[in-house]
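Data first, discussion second: the structure below is written as structure tokens.
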């Protein structure tokens, strides 16, 4: 058994953000932020029927993250937490997951138009999957170690706070 796998990049995100400090840190931070996923020609036929969904999952590579630590300091404060119990971008395997609203699909051009995107421009995309509310949502489940912070209304303290782009306010 190998300790590594090869993954195929099927496309790239096109967004307004080139720097980490300019990008939102969760999709809910900019629900109206528009972006486009450019799908390589070899995979465009796989976009058939995607436009029948309202939301999709994007699996991507944290290509600008380097290295990782087993514990990280969360932006809401408190003690360090295991990186696998956080949403930190510096991870053992730099794979990310985000959920976006689907605005439209141009299969011929390989363009998937989305809203609420929190990725940096040119982020490599590994896969798209439809969001299925009856399967993907577990609204009654807890928030783990975050629960007391959320109940107290504690907001994340980001090292470099998100700055909304002009025209996205």
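The values are calculated or read from the model by the stated rules, or taken from the named source; none is laboratory data. None of these values were measured; they are calculated from a predicted model. With ideal geometry, Cβ positions are generated from the backbone for all residues, glycine too; neighbour counts draw on all protein chains shown.
Things to note:
- Residue count, the stretch 121-149 (criterion: at pLDDT below 95 and either more than 30 Å from residue 3 (Cβ to Cβ) or in contact with a helix residue (DSSP H, G or I) (Cβ under 9 Å, 6 or more places away or on another chain) (or both)): 16
- Flag for residue 118 being in a strand (DSSP E or B) and either over 17 Å from residue 15 (Cβ atoms) or touching a strand residue (DSSP E or B) at 6+ places or on another chain (Cβ under 7 Å) (or both): no
- Take the conditions (1) surrounded by 18 or more Cβ atoms within 10 Å (Cβ to Cβ); (2) in contact (Cβ under 8 Å) with a residue 60 or more places away in the chain; (3) assigned to a loop (DSSP other than H, G, I, E, B); residue 37 misses just one of them, which is (3).
- Residue in the stretch 20-32 that is in a strand (DSSP E or B) and crowded, with 16+ Cβ neighbours inside 10 Å present: no
- Per-region count, the stretch 30-79, residues within 13 Å of the chain's Cα centre (by Cα) and over 18 Å from residue 114 (Cβ atoms): 2
- Condition broken by residue 93, with the remaining ones in (1) more than 24 Å from residue 153 (Cβ to Cβ); (2) modelled with pLDDT under 95; (3) loosely packed, with under 13 Cβ neighbours inside 10 Å; (4) touching a strand residue (DSSP E or B) at 6+ places or on another chain (Cβ under 7 Å) satisfied: (4)
- Hits in the stretch 69-98 (condition: over 28 Å from residue 35 (Cα atoms) and assigned to a loop (DSSP other than H, G, I, E, B)): 69, 70, 73, 77, 78, 79, 80
- Options 108, 101, 46: the member that is at pLDDT 95 or above, assigned to a loop (DSSP other than H, G, I, E, B) and either surrounded by fewer than 18 Cβ atoms within 10 Å (Cβ to Cβ) or in contact with a helix residue (DSSP H, G or I) (Cβ under 9 Å, 6 or more places away or on another chain) (or both): 108
- For the criterion of being surrounded by 13 or more Cβ atoms within 10 Å (Cβ to Cβ), out of contact with any helix residue (DSSP H, G or I) (no Cβ under 8 Å at 6 or more places or on another chain) and either at positive phi or modelled with pLDDT under 95 (or both), residue 13 fails.
- The listed residues are 80, 73, and the only one of them that is surrounded by fewer than 14 Cβ atoms within 10 Å (Cβ to Cβ), free of Cβ contacts under 8 Å to residues at least 12 places away in the same chain and farther than 22 Å from residue 129 by Cβ turns out to be 80.
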